[in-house]
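Notes to accompany the following structure.
Every read-out reported here was derived from the displayed coordinates using simple, explicitly stated rules and does not represent laboratory data. These figures come from a predicted structure and were not determined experimentally. No Cβ is skipped: glycine too gets one built from the backbone with ideal geometry, and neighbour counts run over all protein chains shown.
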Amino acid sequence: MDTRPIKILVAKPGLDGHDRGAKVVAHALKEAGMEVIYTGLHKTVDQIIRIAIQEDVDVIGLSIMSGAHIPITAKLVKKAREEGIDDKMIVVGGVIPNRDIPKLKELGAKGVFPGGTPFSEIAGFINENAKKS
Amino acid sequence: MGVAKYTKDEKDRITDVTLQSGIHVKACYGPEDLEHVGFSYEKDLAEPGQYPFTRGIHAEGFRSRAWTTRQYTGFGTPEESNERFKLMISHGQTGLNVAFDLPTQMGYDSDDPMAEGEVGRVGMAIDSLRDFEIAFKDINLEKIGSGLTINAVASIMLAMYQAVAEKFGFDPKRISATPQNDILKEMIGRGSWIFPVEPAVNLIGDTIEYSINAMPRTNPVSICGYHIRESGATPAQEIGYAILIANAYIDNVLKRGYDVDDFVGRFSFNLNVFGNIWEQVAKFRAARKLWARNLKEKYGVKKDSNMYLRGLFGGGGYGLTKAQPENNIMRGAYYALSAALAGAQTIALCSYDEAYTIPTPHSAIISLRTLQLLMDEIGLRDTVDPLAGSYFIETITKEMETKIEEEMAKIEKVGGIVQAVGTGYVQRLVSQQAYEYEKGLQSGELKKVGLNIYTEGEPMDVELHEYTGESAEKQVESLKQLRRERNDREVLRTLKELEEATRAGKNVMPYLVECCKAYATVGEMTRVFRDVFGEFQEPGLF
């Protein structure tokens, strides 16, 4: 059995600079035993994909507060497919109205965690669903 | 720290309270507590309108002037924002607080690939002076002051505000803009930074220096403890960091050979309101006092009115919940109450739907009505500093002062705020605190109605502001039209002059005004700065 920890990239795509949520979740996942890499702010989708490949992460977590979660997620999923890394699980968190959750899942986000989701729920979901590459 | 701590016995009686800033609260206060903290009426309180201004900056408080109501507004195209501005003014709002979209805040034009999906989303899209001409159409800029929520490119927006005022025939000496213009706080929280620390602070120095003569009624910088708190800081850290940041901007202008009394009177503050009501009131009162003392003792400020901490006390975003959103209306009312009890000059509230998206007209007007109701209906204008003299409030105001000073000392110890932001030290302190707070919220140690207690009941739904790509398309179209119609030679000439001035280390403001008047775009002007200054490299991680 593979005992190495799950490796997750916490990413801040686009121009939104609100990183409280991303950093707090990064702390929590680290405490839950995962290996966490945080991209820092203002990353393009291409940059995120590149880091995900370089670091060979199992999961890409997007944190989006600006309301642009749908176009950004769509772009990331498409790019991941093009780069042949669509085996990596994509999850999305941030200021996300409930009505957008089904749309995000349809686009290819495996898990969606609006602000206020308990850490245990996020970590539990990732533990259960991430496929280690 | 983390969250406020309440200890209870087996009968659910509260046995101990410690506020978020670390202040211990007792069950009852009396004269001995004032004695214990060394309270002196003359030194710590004095009359309202007198140094150290603990009781407020005006002798008669809200009797002489009610607070300005200034809801954060703006979205879509300049046309749509202009309509909303006028709606808010028609409902009695007395100042504007302009929201810009992310591309504008980050210095990208609406047709830049970096702007994709973001044009007009969280604020209005501004590409050139033509957009300002539409956004501020039919608004009397000599009567209505405008807060401009812009930081990295605040110098550009301030120049554009002057240009639009002149175009409309208003005297720049009589207009009042309050660009946020606080880049150090962007680097601590909020994240709309572009340039490295030093040139970014220097741009702020340029706007302050320029405003002294060109726009003397403008408040060129609004120091935002607000976002630092939103990012996780405690109330004591919020004020401590804000004062240190303000000092960094003062130092920049002093180096240029000015007397501190020439400019510091135009500084203003933007502070947060959520949390324990007593802690907030104590925080605002202690902040006024510490700011005045800092200016008098450290900088030798002479004129009393230059020592005023004038503030927008408002927002409260992080206190609001997505769960049971209508409860946020009540939260907002109590937050505004704490601001009013503490003598705010300006109040704005996050609207109840802001945990979802930007406000609808309906929710924005509820926030405005909340502020009007406090002002005109329940007696908050009756007397100045109504909580003064309370054994409890005066004791914790003194204690808050000490806590703030402790937070300031920690930063001074590692080389000061500019250094501490550059290395990411402050960011790490704040994010650690945010994590502790979140854990407190999730464990139920911090109680939130509708979120972790009293969660039963009907699910509440909110009507949400809709973003459509249409505004973005319109904006890009109108930018294309501008590029066709403007005088390219004039654009190139003014941009070239801006570049030369920037490289020569001159004050860029007059050059920016010329660029704006030639209809150079925000992206083009920012490009000049990006080329000369480079970009901020984010330190530390989390």
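Summary table below
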| quantity | calculated |
| --- | --- |
| For the protein assembly as shown, Kirkwood radius (reciprocal of mean inverse C-alpha pair distance, Å) | 25.6 Å |
| Taking chain B and dividing mean pair separation by its residue count, relative contact order in percent (alpha carbons under 8 Å, at least six apart) | 21 percent |
| Antiparallel content of DSSP bridges confined to chain B, in %, to 5 | 20 percent |
| When each of B:Lys298/B:Lys403; A:Lys103/B:Lys474; A:Lys12/B:Lys413; A:Lys78/A:Lys103 is checked by Cα-Cα distance, pairs over 22 Å | A:Lys103/B:Lys474; A:Lys12/B:Lys413 |
| Modelled FRET efficiency - R0 30 Å, B:Lys5 with B:Lys410, Cβ distances, 0.05 increments | 0.90 |
| For the range B:279-392: span of alpha carbons on each principal axis (Å, largest first) | 48, 29, 25 |
| Mean-position separation - Cα centroids, the range B:73-122 and the range B:323-401, in angstrom | 25 Å |
| For a label point 7 Å along the Cα-to-beta-carbon line of B:Arg483, residues of the range B:125-168 with backbone N under 19 Å | B:125-132 |
| Inter-site label distance for B:Thr15 and B:Ser390 at 7 Å from Cα along Cβ, in nm | 2.7 nm |
| Mean separation of Cα contacts under 8 Å, 6 or more apart, over the residue count of the range A:7-127: relative contact order % | 26 percent |
| Euclidean distance between Cα centres, the range B:489-530 to the range B:210-255, Å | 25 Å |
| Two-site FRET efficiency, B:Ala27 against B:Met460, from Cβ-Cβ distance with R₀ of 30 Å, rounded to 0.05 | 0.25 |
| Share of Cα-Cα pairs in the range B:99-187 lying beyond 19 Å, as whole percent | 38 percent |
| Cα gyration tensor shape of the range A:7-127, rounded if a/c is under 1.5, else prolate or oblate by comparing a/b with b/c | rounded |
| Overall form of chain B per C-alpha gyration tensor (a/c, 1.5; a/b vs b/c) | prolate |
| B:Met330 versus A:Arg50: modelled label distance in nm, points set 7 Å from Cα along the beta carbon direction | 5.1 nm |
| Spatial separation of Cα centroids for the range B:1-68 and the range A:64-103, in angstrom | 46 Å |
| Distance (nanometres) between label positions extended 7 Å along Cα→Cβ at B:Arg174 and B:Ala214 | 2.0 nm |
| Calculated P(r) tail over 16 Å for the range B:451-507, as whole % of Cα pairs | 72 percent |
| Sites B:Thr423 and B:Tyr41, calculated FRET efficiency, Cβ-Cβ separation with R0 45 Å, nearest 0.05 | 0.60 |
| Debye-sum result for the range B:167-277 in log10 I(q)/I(0), which assumes one identical scatterer on each alpha carbon, at q = 0.18 Å⁻¹ | -0.89 |
| Rounded if a/c under 1.5, otherwise prolate or oblate - the range B:348-428, Cα gyration tensor axes | oblate |
| Relative contact order of the range A:89-133, pairs being alpha-carbon contacts under 8 Å that are 6 or more residues apart, as % | 44 percent |
